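All remarks here apply to the structure that follows.
The values are calculated or read from the model by the stated rules, or taken from the named source; none is laboratory data. It should be emphasised that the depicted structure is a prediction, and the values quoted were computed from it without experimental measurement. Cβ atoms come from the backbone with ideal geometry, glycine included; neighbour counts cover every protein chain shown.
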Amino acid sequence: MLTEKEAKKFYNSADWKRKRAFILARDNFECQECRNRLLRAAETGEILIGKDRYIHYAQQVHHIKELKDYPELALDDNNLESVCISCHNRIHGRDPDSIKAEHAEAKRPKQWQEFW
């Protein structure tokens, strides 16, 4: 089990940065979650609407088995997949609207925060 500090150190390491670049290139910078959703829809005949009809640009690399729980798989190609930000947030149960609100709040000068 990794601590928050150890995980941060890992994500800042040269080994992770090289592996991350490799995985993004391996997956052609395409979100693998979006790709799998489209494949499942094609197999089942499900009709997708809106943004769900596309494979989005992957900017992040996701540990399928969480880094903190499985540090031995940190750089294992089979445990890594390229994902778009939206899918990564969905995987981790993060609400994009609340994340945007937190970032907006953090950017406001302190003297303004009491009025918002």
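Collect the residues in segment 38-66 that are under 20 Å from residue 26 (Cα atoms) and of a type outside the set (S, T, N, Q), keeping them in residue-number order. Please lay out each step first, then the result.
Quick first cut of segment 38-66, residues under 20 Å from residue 26 (Cα atoms) only: 38-39, 54-65.
38, 39, 54, 55, 56, 57, 58, 61, 62, 63, 64, 65 - these are the residues of segment 38-66 that are under 20 Å from residue 26 (Cα atoms) and of a type outside the set (S, T, N, Q).
Okay, residues lined up against (1) of a type outside the set (Val, Ile, Thr); (2) in a helix (DSSP H, G or I):
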| position | (1), (2) |
| --- | --- |
| 23 | no, yes |
| 36 | yes, yes |
| 39 | yes, yes |
| 61 | no, no |
| 89 | yes, yes |
What are the residues in segment 8-59 that are surrounded by 12 or more Cβ atoms within 10 Å (Cβ to Cβ) and of a type in the set (Val, Ile, Thr), if any?
-> 23, 55
When you look at residue 94, is it charged (D, E, K, R), modelled with pLDDT under 95 and within 16 Å of the chain's Cα centre (by Cα), yes or no?
-> yes
Only one of 43, 33, 81 that is among the charged types (D, E, K, R) and in contact with a Lys or Arg (Cβ under 8 Å, 6 or more places away or on another chain) = 33
Do any residues in segment 83-95 that are among the polar types (S, T, N, Q) have Cβ atoms under 8 Å from those of residues that are at pLDDT below 95, where the two are at least six apart or on different chains, and which pairs are they?
-> 86/51; 86/96; 89/95; 89/96; 89/99
Within segment 76-87, considering residues that are surrounded by 15 or more Cβ atoms within 10 Å (Cβ to Cβ) and outside any helix (DSSP H, G or I), the one farthest from the chain's Cα centre (by Cα) | 80
Taking segment 1-59 and keeping residues modelled with pLDDT under 95 and within 18 Å of residue 76 (Cβ to Cβ) leaves 1, 2
